[in-house]
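Below is one structure, written out as structure tokens; the observations come after it.
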Amino acid sequence: MNDRRVVITGIGAFSPLGMNADEMWEGLVAGRCGIDTIKAFDPVGFTCKIAGEVGEYNIRKHVPKYHRKATKLMSRDIELSVIAANEAVADAGLVTKATDPDNVTIDPARFAINIGAGLISCDLVELSPSVAASITDGNFDIGKWGTAGLEALTPLWLLKYLPNMLACHVGIIHDIQGPSNSITCGESGAYLAIGEAAQIIDRGSADVALAGGCEAKVNPIVMIRQCLLKRVTSASNDDPKTACRPFDADAKGSVFGEGAGMVVLETLDGALDRGAEIYAEVTGFGGSNSLNAAYEHLEPDGKGVRIAIEQALAEAGIEPGDLDLVIPCGSGIPQDDAAEATAIADALGSAVESIPVWPIKSMTSHTGAAAGAIEVIAAVMAMQKGTIPAAINCENKADGCKLNIISESVNKPVRYVLCCGYSFGGQTAALVLKNFEGQVNG
Amino acid sequence: MAERVVITGLGLVCPMGHDVETVWQGMLTGKDGFATTTIFDASTFPSKFGAEVKDYDISRHTKNPGLHAYANRGSSFVVGAGAEACRQARIDVETDSPGDGIDRRRMGIYLGAGEGSVDNDVFFDALAKAWDNDKQEMDWSVWADVAFGGMHPLKELEQEPNLPAGHLALLTGARGHTRSCLTACAASTQAVGEAVMIIRRGQAAVMLAGGAHSMIHPLGVTGFNRLTALSTRNDSPHTASRPFSASRDGFVLGEGAAIVVLVSLASAKKRGVEILAEIIGFGSSSDAFRVTDMHDEARGAVQAINAALADAQVTYKDIDYISTHGTSTGENDSIETLAIKTVFGDHAKKVPASSAKSMFGHLIGATGCAELITCVLAIRDNILPPTKNLHDADPELDLDYVPNEPRKAKVDIAMSESFGFGGQNNVLIIKRYD
């Protein structure tokens, strides 16, 4: 069994708080909220009309010439992943086929990719002409669809919507020929992808990996699903900045959004050899299930989250009191926040009262499969800066919540961070990251 | 020393039956799973037939069908396959106090599972009503009205690809490491492979691994038909899937769920459970070539096969049988043959390599694990399942594809290959356990 230490040497984040990780960090420090009225489509008729959307971009500028024709096969999820991946690769100082094909610094066969991806919803406007060609007496006619409707769709239509296509495009751009996986565990996908990628490196199946998560949730299908499941707040359409209130007594639901977060993972030895700046070490990884007959919510005691946290702490070989920061899922859905808070409190024991807890979805929105990666990147930056910014929108903690939600920013060394999350539908995840500064032998 | 990983349970719901033995006996007696599509009206589609799971009744597999009432087809099938696999592996299901001696925190799940169908009636109705074709514009308020009126919250949730794993967790009470991946047609091979790694690492003692998927719905068939990936041999569904033949014209879309129970050798011995085979090798790679095509020199497939052989610490000469990806598409069967020849060299023609998809179709995310199960049975019974419908050999494809009839042969080590759209290549190697 290999026992290779795995470190993070590059980060890339494309979020409602900015085009890159630095802009996101500035937003988090300033307590800025990236949530606003939906622009992607007219949300009239939707109970929740707000979301976290990323700024404008021109995808062709982010894609090397040899892959530019393929931009027409990119759904928005794929585009966001390409942009964040480029940033992470550049930030790590890696030279790939995309950046300089003559001076590539990495063996493509030893390069892995692992992306947490969501269910990519079809573009309804793209489908509609086909539907329009399939109407009989004002109603949809499957018989016509099978001929005229189907033929009106572009031949490669399906390829835009396969969740593995994020890794496929990013992999072609950067020439990644090692193991490629696409974790489709909803909102916990990015944590699981990063955890698995670290283990792929640890076991020797690759030396470097791009890992993270990406999802573009701001489209009518995903948004109506959140509305129907009553996960979203409909109380703050006129006041988007205060809408998402994790662990707050006035929380009314989550606010969803879009984004992408990618990190570069590699062996400690490899990073030291090439003189890379090392941000953090991945030291603990846990995963479990929430078992709840009403599986659209966490089980009330959050046991599946607790087990994941306990596994991650045990693998990291630390006690709860060693943690300097917890970044929870904190969706802003009152009953799920209550369950998660219970899980964290049960896992951390008496240490829960003192460890700062920093929920960030109040600012970034809930970016689904991207959320875990964005939170890992926030953790890495907190370590780098020695700062834990203040949470927003949690003025009065919900009844029974024992978490120490951080209300004032603190400057202090951040050595160990716990990040945790859960999907709607069951899977839970937790990661422990360790600040690397001066810890070669640590 | 890493834990050795063995298989102690098999479960299969597929177009040829709802349990492993029925499917296997069918494969050995010339049966297949192909018929005219009935799930929706496909009578005007380019492909009007498929490989559907027929007459499946979830209440025969669970005491608690209400818990799975809104399950999509894949999730529903995984309950049946999971229950069967657990029964064989002597794992208690649907109980708060299992008596099987397995700590639920040490029991995880890893599926290669697919999304569920959209709720077709309301989905298309909303578009039909809200789209103004003259203006080429959507009236979102009309769309929202129809959608809010017709969509059911849980039916929407059930479209998410992580739900089959959720249903399997509810069935078994698994609380260990759980993941679900969707690397297209290679997903459940990848899931089993990564699950093996979780046990080797010591992070779980038991993993329920496999896949579940159904894309037999209007948008799924539309997508594959537009890609011209499906056979359109509508006049002869039973002979449409003809991997490695000169006249192959695409795969036949199937659906199903396949589960293997993986356990550490130590745990299997401790519990005294029958060991069906050992998983000795896993290799994974990606093509990084084109969105639409496999690497033209089979680079990624070769890398995955070599990685699996290296992981298993065997050479190509040790492989007694290959369960191919064998989709019956022009490209896959040629590139896969090239990959085998590249790795096996002159020895390639001596290794029987057949395609189960000639009988049960292409189960997409679930297919890799279903085929792995046939490898376990080939070892158990020393019989090679055939490639059906192989009457006109492609002159370029000259391996021993075990044409048309099953064959008795000693099988100790078998390899199962899966290659997914987008270039993910995954290969598993299993071995007789003695």
Legend entry - Candidates B:S354, B:S418 - the one that is on the phi < 0 side of the Ramachandran plot, buried (at least 24 other Cβ atoms within 10 Å of the Cβ), touching a His at 6+ places or on another chain (Cβ under 9 Å) and in the same structural domain as B:I280 (by TED's automatic domain parsing): B:S418
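So that you can scan it fast, the table gives a plain yes or no per residue for (1) β-branched (V, I, T); (2) without any contact (Cβ under 8 Å) to a residue 60 or more places away in the chain; (3) more than 7 Å from every other protein chain (Cβ to nearest Cβ); (4) buried (at least 24 other Cβ atoms within 10 Å of the Cβ):
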{"site": "B:N162", "(1), (2), (3), (4)": "no, yes, no, yes"}
{"site": "B:L168", "(1), (2), (3), (4)": "no, no, yes, yes"}
{"site": "B:A174", "(1), (2), (3), (4)": "no, no, no, yes"}
{"site": "B:A186", "(1), (2), (3), (4)": "no, no, yes, yes"}
{"site": "B:I199", "(1), (2), (3), (4)": "yes, no, yes, yes"}
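Count, please, the residues in the range A:139-175 that happen to be in a loop (DSSP other than H, G, I, E, B), over 21 Å from the mean Cα position of the chain (by Cα) and buried (at least 22 other Cβ atoms within 10 Å of the Cβ). Walk me through how you get there before you give the answer.
Step one: filter the range A:139-175 for residues in a loop (DSSP other than H, G, I, E, B), giving A:141, A:152-156, A:161-164, A:175.
Now narrow it down to the ones that are over 21 Å from the mean Cα position of the chain (by Cα): A:141, A:152-156, A:175.
With buried (at least 22 other Cβ atoms within 10 Å of the Cβ) added as a condition, the list becomes none.
The number of residues fulfilling the criteria is 0.
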Legend entry - Given (1) closer than 30 Å to A:K241 by Cβ; (2) buried (at least 20 other Cβ atoms within 10 Å of the Cβ); (3) without any contact (Cβ under 8 Å) to a residue 24 or more places away in the chain, number of the condition A:V131 does not satisfy: (1)
Inset, instruction - Test A:S407 against the stated conditions and say whether it is hydroxyl-bearing (S, T, Y) and in contact (Cβ under 8 Å) with a residue 24 or more places away in the chain. - result: no
Inset, instruction - Out of A:K97, A:K69, report the one residue that is in a helix (DSSP H, G or I) and within 10 Å of chain B (Cβ to nearest Cβ). - result: A:K69
Inset, instruction - For the range A:407-423, state whether one or more residues are in contact with an Asp or Glu (Cβ under 9 Å, 6 or more places away or on another chain), more than 21 Å from A:V352 (Cβ to Cβ) and crowded, with 23+ Cβ neighbours inside 10 Å. - result: yes
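Out of all the residues in the range B:9-17, is one or more assigned to a loop (DSSP other than H, G, I, E, B) and assigned by TED's automatic domain parsing to the domain that holds B:A414? Step through it out loud before you land on a result.
So in the range B:9-17, the residues assigned to a loop (DSSP other than H, G, I, E, B) come out as B:15-16.
From what is left, the residues that are assigned by TED's automatic domain parsing to the domain that holds B:A414 are B:15-16.
Yes, the range B:9-17 contains at least one residue that is assigned to a loop (DSSP other than H, G, I, E, B) and assigned by TED's automatic domain parsing to the domain that holds B:A414.
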Inset, instruction - Looking only at the range B:71-93, decide whether some residue is assigned to a strand (DSSP E or B), more than 8 Å from every other protein chain (Cβ to nearest Cβ) and surrounded by 18 or more Cβ atoms within 10 Å (Cβ to Cβ). - result: no
Legend entry - Flag if B:L276 is closer than 19 Å to B:R432 by Cα and either outside the structural domain of B:A191 (by TED's automatic domain parsing) or not hydroxyl-bearing (S, T, Y) (or both): yes
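Quick one: which helices (runs of 4 or more DSSP H) sit completely within the range B:266-365 and have at least 3 residues that are away from chain A (no Cβ under 14 Å), in contact with a strand residue (DSSP E or B) (Cβ under 7 Å, 6 or more places away or on another chain) and closer than 24 Å to B:L227 by Cα?
Details: elements: B:299-312, B:330-344, B:357-360.
The qualifying helices (runs of 4 or more DSSP H) are B:357-360.
Give me a count of the residues in the range B:140-160 that are over 23 Å from the mean Cα position of the chain (by Cα), among the charged types (D, E, K, R) and more than 7 Å from chain A (Cβ to nearest Cβ). Lay out the reasoning, then the answer.
First, pick out the residues of the range B:140-160 that are over 23 Å from the mean Cα position of the chain (by Cα): B:140-156.
Then drop every residue that is not among the charged types (D, E, K, R), which leaves B:145, B:155-156.
Restricting the remaining residues to those that are more than 7 Å from chain A (Cβ to nearest Cβ) gives B:155.
Within the range B:140-160, residues that are over 23 Å from the mean Cα position of the chain (by Cα), among the charged types (D, E, K, R) and more than 7 Å from chain A (Cβ to nearest Cβ) number 1.
Out of the residues in the range B:1-28 that are within 14 Å of chain A (Cβ to nearest Cβ) and hydrophobic (A, V, I, L, M, F, W, C), state the one that is nearest to the chain's Cα centre (by Cα). Talk me through it step by step, then tell me what you get.
Going through the range B:1-28, the residues within 14 Å of chain A (Cβ to nearest Cβ) turn out to be B:1-5.
Subset that is hydrophobic (A, V, I, L, M, F, W, C): B:1-2, B:5.
Details: B:M1: 31, B:A2: 27, B:V5: 20 Å.
This residue is B:V5.
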Inset, instruction - Mind counting the residues in the range A:30-42 that are touching a helix residue (DSSP H, G or I) at 6+ places or on another chain (Cβ under 8 Å), at negative phi and not charged (D, E, K, R)? - result: 6
Legend entry - Flag for A:K217 being more than 9 Å from chain B (Cβ to nearest Cβ) and of a type outside the set (G, A, S): yes
Inset, instruction - Considering each residue of the range A:109-128, count those that are within 7 Å of chain B (Cβ to nearest Cβ) and surrounded by fewer than 16 Cβ atoms within 10 Å (Cβ to Cβ), and give that number. - result: 1
Inset, instruction - Exactly one condition in (1) within 9 Å of another protein chain (Cβ to nearest Cβ); (2) more than 21 Å from A:K361 (Cβ to Cβ) is not met by A:K230; state its number. - result: (2)
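Going by the conditions given, is B:K129 crowded, with 17+ Cβ neighbours inside 10 Å, touching a helix residue (DSSP H, G or I) at 6+ places or on another chain (Cβ under 7 Å) and either on the phi < 0 side of the Ramachandran plot or among the acidic types (D, E) (or both)? Outline the logic, then answer.
Values: crowded, with 17+ Cβ neighbours inside 10 Å: yes; touching a helix residue (DSSP H, G or I) at 6+ places or on another chain (Cβ under 7 Å): yes; either on the phi < 0 side of the Ramachandran plot or among the acidic types (D, E) (or both): yes.
Yes.
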Legend entry - Candidates A:Y161, A:Y191, filtered to the one that is at the interface with chain B (Cβ under 9 Å from one of its Cβ atoms), within 29 Å of A:E296 (Cα to Cα) and of a type in the set (F, W, Y): A:Y161
Inset, instruction - Looking only at the range A:234-250, count how many residues are assigned to a loop (DSSP other than H, G, I, E, B) and surrounded by fewer than 24 Cβ atoms within 10 Å (Cβ to Cβ). - result: 8
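State whether the residues of the range A:144-151 include one that is closer than 17 Å to B:T183 by Cα and within 7 Å of chain B (Cβ to nearest Cβ). It would help to see each step written out before you state the result.
Residues of the range A:144-151 closer than 17 Å to B:T183 by Cα: none.
For the range A:144-151, residues closer than 17 Å to B:T183 by Cα and within 7 Å of chain B (Cβ to nearest Cβ): absent.
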Inset, instruction - Just one of (1) modelled with pLDDT of 95 or more; (2) crowded, with 24+ Cβ neighbours inside 10 Å; (3) out of contact with any strand residue (DSSP E or B) (no Cβ under 6 Å at 6 or more places or on another chain) trips up A:D399, so point out which. - result: (2)
Legend entry - Only listed residue being under 21 Å from the mean Cα position of the chain (by Cα) and within 30 Å of A:H174 (Cα to Cα), chosen from A:A308, A:A271, A:A276, A:A280: A:A280
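Has the range B:227-236 got any residue that is modelled with pLDDT of 95 or more and at the interface with chain A (Cβ under 7 Å from one of its Cβ atoms)? Before the answer, list the steps.
Filtering the range B:227-236 for residues modelled with pLDDT of 95 or more gives B:227-236.
Keeping just the survivors that are at the interface with chain A (Cβ under 7 Å from one of its Cβ atoms) gives B:227.
Scanning the range B:227-236, I find at least one residue that is modelled with pLDDT of 95 or more and at the interface with chain A (Cβ under 7 Å from one of its Cβ atoms), so the answer is yes.
B:S286: buried (at least 23 other Cβ atoms within 10 Å of the Cβ), assigned by TED's automatic domain parsing to the domain that holds B:C369 and at pLDDT 95 or above, yes or no? Explain how you work it out, then say what you get.
Working: buried (at least 23 other Cβ atoms within 10 Å of the Cβ): yes; assigned by TED's automatic domain parsing to the domain that holds B:C369: yes; at pLDDT 95 or above: yes.
Criteria met by B:S286.
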Inset, instruction - Identify all residues within the range A:379-429 that are assigned to a strand (DSSP E or B) and among the polar types (S, T, N, Q); write none if there are none. - result: A:T387, A:N404, A:N411, A:Q427, A:T428
Inset, instruction - Give the residue, chosen from B:I280, B:I216, that is over 30 Å from B:A2 (Cβ atoms) and touching a helix residue (DSSP H, G or I) at 6+ places or on another chain (Cβ under 9 Å). - result: B:I216
Legend entry - Residue count for the range B:283-298, restricted to those that are more than 13 Å from B:N426 (Cα to Cα) and not aliphatic (A, V, I, L, M): 7
Inset, instruction - Can you run down the residue pairs with Cβ atoms below 9 Å, 6 or more apart or on separate chains, where the first is in the range B:92-120 and without any contact (Cβ under 8 Å) to a residue 12 or more places away in the chain and the partner is of a type in the set (G, A, S)? - result: B:D92/B:G99; B:D92/B:G173
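The values are calculated or read from the model by the stated rules, or taken from the named source; none is laboratory data. Note that this is a predicted model, so its numbers are computed, not measured. Cβ coordinates were reconstructed from backbone atoms using ideal geometry, including for glycine residues, and neighbour counts include every protein chain displayed.
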